[in-house]
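Take a look at the structure set out below.
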Amino acid sequence: MKKILLLATIGLLYSCQSKTQEATSTATHSVTATETTSTPLAPETFNKQLIEGGFLKYAETQKIVPNSELNVYDENTNKYAFVDAEALIEFDFSFFNTQIKRMLAKRDIQISVAPAPDAEKSLAALIQGEKVPLYTPAELKNGTYWTTGPKAFFKKINALLQAKNCLEQFYLLYEGTNDLSVFLLTPSEQKSFQQIYINDPREIPQLP
């Protein structure tokens with residue numbers, strides 16, 4: 001009986017040791033995997049991916065740009081635009097009728113934007129003739145309209161782009177601030193931004 005108990009104890013200790021080693025191995029593998037996936041894309045590799053993927057297809061100039069010289073924040077690429085967030089939430093769409101309208105025209109797309117006739121009451125814009133509320137009275141009161149307004153606006157624009165079979169969508173950068181910017185990207189281009197800024201998520205453009 002003592003022998004049986006001794007063997008059972010040894011077996012139990014061996015089992016616990018195996019599980020501990022397995023858990024340690026799994027944890028080590030998990031850390032290694034995390035370290036691997038958190039390695040950001042090199043800037044020149046990032047630029048190369050974008051250029052080879054057609055990032056400059058609608059640029060104002062079609063001259064060859066070396067990988068080391070690509071500036072993704074250059075509005076002449078017609079992929080990026082600074083948005084006057086304060087103007088947007090106050091129903092002043094002059095920012096749209098300049099840079100963004102030019103970006104869309106390069107893709108043979110026309111979208112009309114204007115304040116609704118009763119914008120002060122309805123808090124709505126007319127986008128392609130459709131009345132689209134940008135935020136609610138409650139959001140206006142608590143200050144979250146800085147975030148919800150631009151999101152609602154570009155979500156509607158993206159829906160119209162999808163309806164026109166456009167592969168690109170507007171992604172927002174620095175939402176909720178007056179430094180709002182937008183990129184017009186394909187999913188693969190946005191993935192490149194995810195890879196280069198994996199350790200700095202604030203710099204990754206996001207769908208509204």
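The values are calculated or read from the model by the stated rules, or taken from the named source; none is laboratory data. Note that the coordinates shown come from a computational prediction; the quantities given were computed from them, not determined experimentally. Cβ placement follows ideal geometry from the backbone for every residue including glycine, while neighbour counts extend to all protein chains displayed. Please note that ligands, DNA and RNA were not included when accessible areas were found on the heavy atoms of the full protein model with its side chains. Shrake-Rupley method; radii C 1.70, N 1.55, O 1.52, S 1.80 Å.
Summary of values
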| item | result |
| --- | --- |
| Residue within segment 193-200 that is among the hydroxyl-bearing types (Ser, Thr, Tyr), buried (at least 18 other Cβ atoms within 10 Å of the Cβ) and either more than 29 Å from Thr61 (Cβ to Cβ) or modelled with pLDDT of 95 or more (or both) present | no |
| Residue count, segment 104-154 (criterion: in a helix (DSSP H, G or I) and surrounded by 14 or more Cβ atoms within 10 Å (Cβ to Cβ)) | 15 |
| Residues within segment 59-74 that are within 20 Å of the chain's Cα centre (by Cα) and either more than 26 Å from Phe96 (Cβ to Cβ) or surrounded by 18 or more Cβ atoms within 10 Å (Cβ to Cβ) (or both), tallied | 2 |
| Sole residue being modelled with pLDDT of 95 or more, exposed (fewer than 15 other Cβ atoms within 10 Å of the Cβ) and of a type in the set (A, V, I, L, M, F, W, C), chosen from Leu167, Leu180 | Leu167 |
| Residues satisfying the stated conditions in segment 38-69, i.e. small (Gly, Ala, Ser), at negative phi and modelled with pLDDT of 90 or more | Ala42, Gly53, Ala59, Ser68 |
| Conditions (1) touching a helix residue (DSSP H, G or I) at 6+ places or on another chain (Cβ under 8 Å); (2) open to solvent by 40 Å² or more (accessible area, probe 1.4 Å); (3) closer than 29 Å to Lys131 by Cβ; (4) at pLDDT below 95; number of the one not met by Asn97 | (1) |
